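Right, one structure below, let's go through it.
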Amino acid sequence: MHKCPICDRPIKNIFQNGIVCGKCALSAVDSLGHRVVFFNVSVAGGLTASHYSGSEVISDDSIICFINARKCSGIELRFGGTAILCHALSY
């Protein structure tokens, strides 16, 4: 069992160190402080991000985000889905 690098909560069924928990992922923001959420582009994979600025939603391929001032990246999981990986140098 791994722990979230942001809040230290245990995370089940994750096979990679550095993945943040779902609760911390909800607080991910981009460099402008806008909430960011990662999605698969299709059932075949691909990664995109939606940035929420008030009522405006901007989609792009930027994978960098920040959680509690720690630099992180959106990633595709091996068997589908997305997650946020906290960069090793920032914790």
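The values are calculated or read from the model by the stated rules, or taken from the named source; none is laboratory data. Worth saying up front: this structure is predicted, and the values here are computed from it rather than measured. Here the Cβ positions follow ideal geometry from the backbone for every residue, glycine too, while neighbour counts run over all protein chains shown.
Figure legend. Inter-residue proximity from the range 59-84: first residues closer than 15 Å to ILE6 by Cα, second residues basic (Lys, Arg) and at pLDDT below 95, beta-carbon distance below 7 Å, spacing 6+ or different chains. No pairs are indicated. Taking the range 74-91 as the search range and keeping residues that are in contact with a Ser or Thr (Cβ under 8 Å, 6 or more places away or on another chain) and in a strand (DSSP E or B), which one is nearest to PHE38 (Cα to Cα)? Out of the qualifying residues, it is GLY74. Could you count how many residues in the range 16-52 are touching a residue at least 40 places away in the same chain (Cβ under 8 Å) and surrounded by fewer than 13 Cβ atoms within 10 Å (Cβ to Cβ)? Total meeting the criteria: 1.
If the condition is being more than 11 Å from the chain's Cα centre (by Cα), not aliphatic (A, V, I, L, M) and not in a loop (DSSP other than H, G, I, E, B), then the range 10-22 contributes only PRO10. Name the single residue, out of those in the range 42-68 being over 15 Å from the mean Cα position of the chain (by Cα) and in a strand (DSSP E or B), that is modelled with the lowest pLDDT. If we take residues in the range 42-68 being over 15 Å from the mean Cα position of the chain (by Cα) and in a strand (DSSP E or B), then GLY45 is modelled with the lowest pLDDT.
Applying the set (1) assigned to a loop (DSSP other than H, G, I, E, B); (2) within 14 Å of the chain's Cα centre (by Cα) to LYS71 leaves exactly one unmet item: (1).
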